[in-house]
Amino acid sequence: MDQKSNDVGPAPDQGVYGIGVVADLVGTATQNLRAYERAGLVNPARTGGGTRLYSPDDVARIRRVQNLLTEGLNLAGIAQVMELQDDVRRLRAELAEHVAADEDRRAGRRESAPGDR
C-alpha cells in the first residue's frame, strides 16, 4: 500500500485555506482575520496574486487568539502572550536537545569507563 495514501490533510504549515473558509472554520468575520494579521498575530502565506492561504497551524493560532480575546485581552496583549508562549516552546525544544546530548555523552562515558565489567 502506498505510504502517501495514509496522509490525512495538508502539512501543518502548508497554506491551503482561503480567508473565507478560515472565517467559517473559526466562526469569525474575514475583517477580524485581517486585523489579526495587521497586529502580527498570524502571517498566512500568499499566492502570487496576493490571496491569503492559511495553514492548519495558522488556524490553530487564530483559535488561540480567539481564546485570549474571550479572556479579555486586547490584540497588543495577545501579541505579547503569544510571543512569550512561542519563546517557551522554542526554549523547551532547545533544552530537550541539550538534555538528549548530555545523556548521550554520559552513556558514552559509562561504556568506555574502565572496570565496569
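What follows draws every value from the coordinates through simple rules; no lab data is involved. Model, not experiment: these values are computed from the prediction.
Restricting to DSSP H runs of at least four residues, report the calculated mean residue ellipticity at 222 nm for the chain, -39500 (n - 2.57) per run over all residues, nearest 500 deg cm²/dmol. Using -39500 (n - 2.57) per qualifying helix, the result is -20000 deg cm²/dmol. Three semi-axes describe the equivalent ellipsoid of the range 8-112; taken as square roots of 5 times the Cα gyration tensor eigenvalues and ordered largest first, they are 36, 18, 11 Å.
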